[in-house]
Structure formats: structure tokens, C-alpha cells
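Below: the structure, in C-alpha cells.
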Amino acid sequence: MTFHFINAYEEKDEEGRVTAIIADCCKHNANTSIHDNLRLHNLRSFTGEDVLIDSSRVGRFRIPLDGSPFGELEAALDPEEHGRSMDMCSINPAHLGKEYRYTYACGARRPCKFSNTLTKIDLVEKMAKNWYEEGAVPSEPYFVPRPGAVKEDDGA
């Protein structure tokens, strides 16, 4: 199950032919309990235990265009890098529909009742940097490139 897709782009071979579609998303492992966990009464009654029992993670679909009946789905990085919770991702808008390296999202520092970190994910190095402040509940991040930026992650 997924709520949010991050980006999708064409994968090409050495001769420039499109061989697959890569589609990245925040996947929830078909666990629909997140709907109950996010009910207002559960969010208001935090007891110090994890309410976000769902282990959402950044997933990468590879959809082959060679007629194969199945694609592939893999975790884009170890979920422990981002607290086993990841959603509401964004990327540098100049990379929409193109191959990219970085995504920004809400993650989790455990235990928690709701996403409580802002996370920068490097999909090439398969690493995450998390920002956390006690009591803060960040909103969906939106990447704004610095005017004149050349690097994909040059911005706020």
C-alpha cells in the first residue's frame, strides 16, 4: 500500500533505448493498520509506546518494458536509516520525471505517535540524514532550489 509516490523516470540502456520505468514511493507493506493508528483519539493518547507500528519505507518499483509479466520492488535503503517510517516525500522539482539522487521526507525517531523528523535521503549512497527536535512535528517538506543552483541538493 502506498499513499505518496516520490518520482518516476525512464531507465535506458547503453544505446539510449527505454528498458523500464522506475517508480519510487513510500510503501506500507500492505499494512492497513496505519489508518486506525492515525485516528485522532490514538494521536491524543500517546503513552510513550509506538503508535506508528507501521514500517513504511522508501520503495523502488522497476517495471520492465520487455513484456515480462512482473516487475521488481525493493527497499531503496535500510529502513533503520530513517526510523522505519517514511512518507510525504518531495524532490528538487527540476528532477521530476528524471533520474535523481535525493528525496526529502517526514521520518520517525522512535518511540513516537506521528512522524517527527525531517529526513534527507541519498538514494545512491543509501543513507539518510535526520533532523529532530523534541516536541516538533514537521510538515510535508518542500524542496526549494537556490537560484542559480547547479547541484541537485543545493537549496532549502
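Structure values in brief
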quantity	calculated
Ile63 vs. criteria in contact (Cβ under 8 Å) with a residue 60 or more places away in the chain and either closer than 17 Å to Ala8 by Cα or over 16 Å from the mean Cα position of the chain (by Cα) (or both)	no
Pair list, Cβ < 6 Å and 6+ apart or interchain, from the range 97-122 residues that are assigned to a loop (DSSP other than H, G, I, E, B) to residues that are at pLDDT 90 or above and of a type in the set (Ser, Thr, Tyr)	Gly97/Tyr9; Lys98/Tyr9; Glu99/Tyr9
Subset of the range 121-156 (residues that are among the hydrophobic types (A, V, I, L, M, F, W, C) and either within 15 Å of Asp87 (Cα to Cα) or touching a strand residue (DSSP E or B) at 6+ places or on another chain (Cβ under 8 Å) (or both))	Ile121, Leu123, Met127, Ala128, Trp131, Val137, Phe143, Val144, Ala149
Tally, over the range 49-73, of residues that are at pLDDT 85 or above and out of contact with any Lys or Arg (no Cβ under 6 Å at 6 or more places or on another chain)	13
Residue match in the range 38-48 (condition: buried (at least 18 other Cβ atoms within 10 Å of the Cβ) and at pLDDT below 80)	no
Pair list, Cβ < 7 Å and 6+ apart or interchain, from the range 2-13 residues that are surrounded by fewer than 16 Cβ atoms within 10 Å (Cβ to Cβ) to residues that are of a type in the set (Ser, Thr, Tyr) and modelled with pLDDT of 95 or more	Glu11/Thr19; Lys12/Thr19; Asp13/Thr19
Counted residues, the range 115-126 - those being over 18 Å from Ser90 (Cβ atoms) and either surrounded by 13 or more Cβ atoms within 10 Å (Cβ to Cβ) or in contact with a helix residue (DSSP H, G or I) (Cβ under 6 Å, 6 or more places away or on another chain) (or both)	1
Considering residues of the range 92-117 that are out of contact with any Lys or Arg (no Cβ under 9 Å at 6 or more places or on another chain) and among the hydrophobic types (A, V, I, L, M, F, W, C) only, the residue nearest to Leu40 (Cα to Cα)	Phe114
Flag for Ser90 being of a type in the set (S, T, N, Q), modelled with pLDDT of 75 or more, within 21 Å of Cys25 (Cβ to Cβ) and exposed (fewer than 15 other Cβ atoms within 10 Å of the Cβ)	no
Single residue of the range 123-138 satisfying the filter (touching a residue at least 40 places away in the same chain (Cβ under 8 Å) and more than 11 Å from the chain's Cα centre (by Cα)) that is farthest from Glu11 (Cα to Cα)	Asn130
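The values are calculated or read from the model by the stated rules, or taken from the named source; none is laboratory data. Given the structure is predicted, the values throughout are model-derived calculations rather than measurements. With ideal geometry, Cβ positions are generated from the backbone for all residues, glycine too; neighbour counts draw on all protein chains shown.
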